[in-house]
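Scroll down for the structure; my scribbles are underneath it.
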Amino acid sequence: MAARQARFKMSNRGVGQLLKSPLLEAEMLRRAEVIKGVAESIAPVGGPGDPHPGVYKASFYVKSTTRGGQRRNRATATVGNSAYYARWVEYGTEKVHPHHVLLRAAQAGGR
């Protein structure tokens with residue numbers, strides 16, 4: 001007997017529905033929560049001279065939407081930090097070396 005070949009025809013509409021589905025949004029949110037956990041675990045905490053020790057570490061957040069992407073029609077999740085100085089912790093300044101907390105967390109987590 002000859003082996004039968006499976007046939008597949010992709011539906012652009014079906015793929016579009018999948019990319020904005022609650023199932024995919026839940027998976028994006030799950031991965032973002034993993035990344036947030038890693039970021040919190042590696043976030044630097046200021047020393048004795050820091051007037052707000054632990055604020056950066058406590059300021060991570062996750063948000064998700066099905067209105068993401070370039071065309072606003074994809075499920076996405078975002079990890080961020082609301083501390084006003086988060087950009088300087090991530091990228092550094094002339095006096096402070098960059099910590100790349102979110103970069104390292106994204107590389108390590110999200111699986």
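Each value in this text was obtained by applying a stated rule to the coordinates, not by laboratory testing. Computed from a prediction, not measured in an experiment: that's the story for all the values here. In this analysis, Cβ positions are derived from the backbone assuming ideal geometry, glycine residues included, and neighbour counts consider all displayed protein chains.
Before moving on, here are some points about what is shown:
- Three-way shape label, the range 12-108, alpha-carbon gyration tensor, a/c 1.5: prolate
- Computed E for E90/V15 - FRET, C-beta separation, R0 25 angstrom, nearest 0.05: 0.15
- Selection from G14, H52, I35 lying farthest towards where the dipole of the range 1-69 points positive, charges on Cβ: G14
- Taking the Cα centre of the range 70-111 as reference, the dipole from Cβ charges on Lys and Arg (+1) and Asp and Glu (-1) amounts to some 300 debye.
- Its DSSP H runs of at least 4 residues, each contributing -39,500 (n - 2.57), put the calculated 222 nm mean residue ellipticity of the chain at -12000 deg cm²/dmol, to the nearest 500.
- Summing Cβ point charges (Lys, Arg +1; Asp, Glu -1) relative to the Cα centre of the chain gives a dipole of roughly 940 debye.
- Qualifying trypsin sites (Lys or Arg not before Pro) in the range 1-30, where qualification requires a DSSP coil assignment and no more than 13 other C-beta atoms within 10 Å, comprise R4, R7, K9.
- Rel. contact order, % - alpha carbon contacts under 8 angstrom, at least six apart, the chain: 29 percent
- Where trypsin sites (Lys or Arg not before Pro) fall in DSSP loop in the range 55-92, at most 16 other Cβ within 10 Å: R71, R72
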